[in-house]
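Down below is the structure, laid out as structure tokens.
The values are calculated or read from the model by the stated rules, or taken from the named source; none is laboratory data. None of the values given here were measured: they were computed from a predicted structure. Note that each Cβ is placed from the backbone with ideal geometry, even for glycine, and that neighbours are counted across all protein chains shown.
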Amino acid sequence: MKRLPVFTITLMLAAAVAACGPKKPAPGGPAPTPFPTAGAAATTPTPTPPPPPKQAPEPPLIVPPDPGITAGDPLTRAAIEDINKDSPLKPVFFAYDSDVLDDAARKTMAGNAEVMKKYGTWVITIEGHCDERGTAEYNLALGDRRAIAAKNYMVTLGIAADRLRTVSYGNEFPFDPAHEETAWSQNRRAHFMLTSK
């Protein structure tokens, strides 16, 4: 009989110890959230952002070659100003107070037309010039008639009119500033200038 109370007390102590031990979470349930200890700050883990997507490298800029430029052609590689300094387009000259193209002028213009055909993208300006005699208004009008006569003849040689522009400078830009007939004969001209290519 004395053994029963000892056995009962041992059994009660074992039940009490089992009841005070850590509890296991129910299967499939959420894990318990630990309580922060006194004085410790609660920390929430920050999710790491995904890395930015990789950008494909930009393709290199490819500039198509100018179809008017060829490797062995120094004229088309040169700047327009350089071409005009040593132009393959020759001026034509007129008689005093005339806008009529003589045989020499027509021959020169036939050569200019061949150059224009070779360089099919060139656009030129035909400048009409006069000598210093006559009024400024008269010389501007005469220079205009000379430039238009040269343009019209170039069109008859097969050069498209939209590649030819005209302007009159009258007596403003002489080839030769001297005041005598040799200079004046050089100043009465239609001058061909490359405008664009």
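Tell me, which residue of region 84-102 that is modelled with pLDDT under 95 and not in a loop (DSSP other than H, G, I, E, B) is surrounded by the most Cβ atoms within 10 Å (Cβ to Cβ)? So, considering only residues that are modelled with pLDDT under 95 and not in a loop (DSSP other than H, G, I, E, B), the one surrounded by the most Cβ atoms within 10 Å (Cβ to Cβ) is N84. On the stretch given as region 141-185, residues that are of a type in the set (A, V, I, L, M, F, W, C), at pLDDT 95 or above and under 12 Å from E127 (Cβ atoms) total 5. For A113, the conditions (1) over 17 Å from G158 (Cβ atoms); (2) touching a helix residue (DSSP H, G or I) at 6+ places or on another chain (Cβ under 9 Å); (3) of a type in the set (G, A, S); (4) surrounded by 13 or more Cβ atoms within 10 Å (Cβ to Cβ) are fulfilled apart from (1). If you go through region 125-154 and keep only what is aliphatic (A, V, I, L, M), crowded, with 20+ Cβ neighbours inside 10 Å and in a helix (DSSP H, G or I), you end up with L142, A147, A149, A150, M154.
Screening K197 with (1) basic (K, R); (2) over 22 Å from K85 (Cβ atoms); (3) touching a helix residue (DSSP H, G or I) at 6+ places or on another chain (Cβ under 9 Å) gives one miss only, at (2).
For region 155-171, state whether one or more residues are of a type in the set (K, R) and outside any loop (DSSP other than H, G, I, E, B).
The first filter runs over region 155-171 and keeps only residues of a type in the set (K, R), leaving 163, 165.
Then drop every residue that is not outside any loop (DSSP other than H, G, I, E, B), which leaves 163, 165.
Yes, region 155-171 has at least one match.
Residues that are charged (D, E, K, R), over 18 Å from L89 (Cα atoms), out of contact with any helix residue (DSSP H, G or I) (no Cβ under 9 Å at 6 or more places or on another chain) and surrounded by fewer than 16 Cβ atoms within 10 Å (Cβ to Cβ): does region 177-186 have at least one? Yes, because at least one residue in region 177-186 is charged (D, E, K, R), over 18 Å from L89 (Cα atoms), out of contact with any helix residue (DSSP H, G or I) (no Cβ under 9 Å at 6 or more places or on another chain) and surrounded by fewer than 16 Cβ atoms within 10 Å (Cβ to Cβ). Taken over region 172-197, residues that are in a helix (DSSP H, G or I) and over 41 Å from the mean Cα position of the chain (by Cα) amount to 6.
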